1. Inspect the range 447-460 for any residue being surrounded by 23 or more Cβ atoms within 10 Å (Cβ to Cβ), in contact with a strand residue (DSSP E or B) (Cβ under 6 Å, 6 or more places away or on another chain) and part of a helix (DSSP H, G or I) and give the result as yes or no.
2. Which of the residues that make up the range 431-458 are over 20 Å from the mean Cα position of the chain (by Cα) and within 30 Å of residue 487 (Cβ to Cβ)?
3. Among the candidates 480, 485, which residue alone is exposed (fewer than 15 other Cβ atoms within 10 Å of the Cβ), out of contact with any strand residue (DSSP E or B) (no Cβ under 7 Å at 6 or more places or on another chain) and modelled with pLDDT of 95 or more?
4. Does residue 11 satisfy the criteria of being at pLDDT below 95 and either crowded, with 21+ Cβ neighbours inside 10 Å or in the same structural domain as residue 245 (by TED's automatic domain parsing) (or both)?
5. Does residue 689 fit the bill of being closer than 16 Å to residue 602 by Cα and under 32 Å from the mean Cα position of the chain (by Cα)?
6. Would you mind stating whether residue 340 is surrounded by 19 or more Cβ atoms within 10 Å (Cβ to Cβ), within 25 Å of residue 159 (Cβ to Cβ) and touching a helix residue (DSSP H, G or I) at 6+ places or on another chain (Cβ under 9 Å)?
7. Kindly indicate whether any position in the range 558-574 is on the phi > 0 side of the Ramachandran plot and either at pLDDT 95 or above or out of contact with any helix residue (DSSP H, G or I) (no Cβ under 8 Å at 6 or more places or on another chain) (or both).
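The values are calculated or read from the model by the stated rules, or taken from the named source; none is laboratory data. Computed from a predicted model, the values in this text were never measured in an experiment. Note that we place each Cβ from the backbone using ideal geometry, even for glycine, and neighbour counts take in every protein chain shown.
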């Protein structure tokens, strides 16, 4: 039962955040340079005034740099904030203390957002009526024996999705649209598709109001979520009853349901910057606690935030305290929330030292790689930042997978029909050994993708030559200008059946190449049913039907969904395209053929020297006697080509894929395969074909 006032004890510095234990709640927060600290308690997140203010005494409630207090008898469900003052420490020295500002606990497990005003938090002084609050929560949960999944990376097929946009459209027909629980209702679809992991765009609590002024004035908001402020709390906007502090339970319900379906969960995490932006940005937590430590600042004028992220600030990730905060946070999401992996947004920003220099061995990244608690966790880096640092193929560490931006660009151009790419396209399809093998890394280091949340959807990639982002309020200056896209004759929508048919075939070609490539494939949610954003390649602020998945398209383009399902199944039954080691071109032990052999129109006659060549043809040996060999031909030229498949003693070829054929014939199931009458086959223009061989 809640009271008006509670007695206190000094409490403990560890664990950080708030920790209920039955007899009360322990609170602990780090602030090295604080002079005065107050804990404010509220009955609800919407209360304007606290029912109790607890002033901490530095001689009683401080241990080293930690301020702490134990509130006797305080129940779960109470909401709280901090207020911290640093006396005369000013912004010129890197401090943003404001004794009236309500601060969010960086270790909070659940935060509110209903009454939040970013504008008020940007101004000095009291923001009690519009501040976010933290909830004292009981994190006990019945996992029913659940543990993080251990799916080998070479077997992984990642599906990137936005929790809100996946089910917010009315056509999703779920009980709780746009939430963790809504996503649970779509798990049967994910299972049928055949993916092994979902990669969720940011689900740590973020500031939906963090958008440029012109964008905000249009009524738009931060939709993608790359504006984190509370790294231990699930985003309240994805919860059904956040006012009750149910954040942890609702997220855990999602994880447990996905695991029961055999699907792992990878979180897109944003440790390169926070939602507090630069000097004129809001004071939410880290700034008010002591931003000097947490962010990169100018060497001479500490009031200036150094921005390597394009978002106003850069987290000082290799400071010992900040590094420990990040690693503890990741370990929490694995140990307590059972997630299976992380994708790190603009991860190269985390390689920078305290003066912004690029470190050869960044402590935070090695700390993550070597953490025993994260030993089985998948780690994926977006290996670049917004200040020109590009580390694809050179990101520090060995366990890390990398979003392979070079794969994306080359495959887009190759499918578009660009010339001079044949050798590099072959290298990318074979796992990008030029980027990873010399480091002792593996094909699974390459996260292969052609589309993701950032950029065109697959259908828009094939329907627009240029971006169409006016709806974002930034006069079409946002988003990438170079997309390597091609509209196939008409910009955007068209009724031309020939163009529509070609776009559809090209979509199949991209899926086929992606799912036949060595490395880890990643698909963008909705691409399998040709979802469009009307040419907007930066829909970060579009929390509306432009970005929400229209599930009516899944029915309308059911043939494409079936195609992707069958291609995923084809990949799964062929370990030859899921190798942990790089291909060598050498004869396989106990087999008569090499692990890979390259061909042109004729067997063993690749045409590497001709820059105009736009066709690849190669044979992959099965990994064992039980697996059929594969012959793959990719013709991105404007003309049909006749190929002769290699003659392998005792084997006959059967066509399993031809992207130029209609639904029902394009991908065949094993019991539908028939031997070719001879080893010659016509590969149509803009077509991918695949053959399996079996004993005659």
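1. no
2. Of the range 431-458, the ones over 20 Å from the mean Cα position of the chain (by Cα) are 431-442.
Passing the criteria: only 432.
3. Details: 485 fails: exposed (fewer than 15 other Cβ atoms within 10 Å of the Cβ).
Of 480, 485, the one residue that is exposed (fewer than 15 other Cβ atoms within 10 Å of the Cβ), out of contact with any strand residue (DSSP E or B) (no Cβ under 7 Å at 6 or more places or on another chain) and modelled with pLDDT of 95 or more is 480.
4. It is false that residue 11 is at pLDDT below 95 and either crowded, with 21+ Cβ neighbours inside 10 Å or in the same structural domain as residue 245 (by TED's automatic domain parsing) (or both).
5. Numbers: closer than 16 Å to residue 602 by Cα: yes; under 32 Å from the mean Cα position of the chain (by Cα): yes.
Yes; evaluated as a whole, the condition is true for this residue.
6. Here the answer is yes, as residue 340 does meet what is asked.
7. Among the residues of the range 558-574, not one is on the phi > 0 side of the Ramachandran plot and either at pLDDT 95 or above or out of contact with any helix residue (DSSP H, G or I) (no Cβ under 8 Å at 6 or more places or on another chain) (or both), which makes the answer no.
Every residue, every condition in (1) buried (at least 24 other Cβ atoms within 10 Å of the Cβ); (2) under 23 Å from residue 259 (Cα atoms); (3) touching a helix residue (DSSP H, G or I) at 6+ places or on another chain (Cβ under 7 Å); (4) in the same structural domain as residue 315 (by TED's automatic domain parsing), yes or no:
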{"residue": "191", "(1), (2), (3), (4)": "no, yes, no, yes"}
{"residue": "194", "(1), (2), (3), (4)": "no, yes, yes, yes"}
{"residue": "204", "(1), (2), (3), (4)": "no, yes, no, yes"}
{"residue": "212", "(1), (2), (3), (4)": "no, no, no, yes"}
{"residue": "215", "(1), (2), (3), (4)": "no, no, yes, yes"}
{"residue": "221", "(1), (2), (3), (4)": "no, no, no, yes"}
{"residue": "224", "(1), (2), (3), (4)": "no, no, no, yes"}
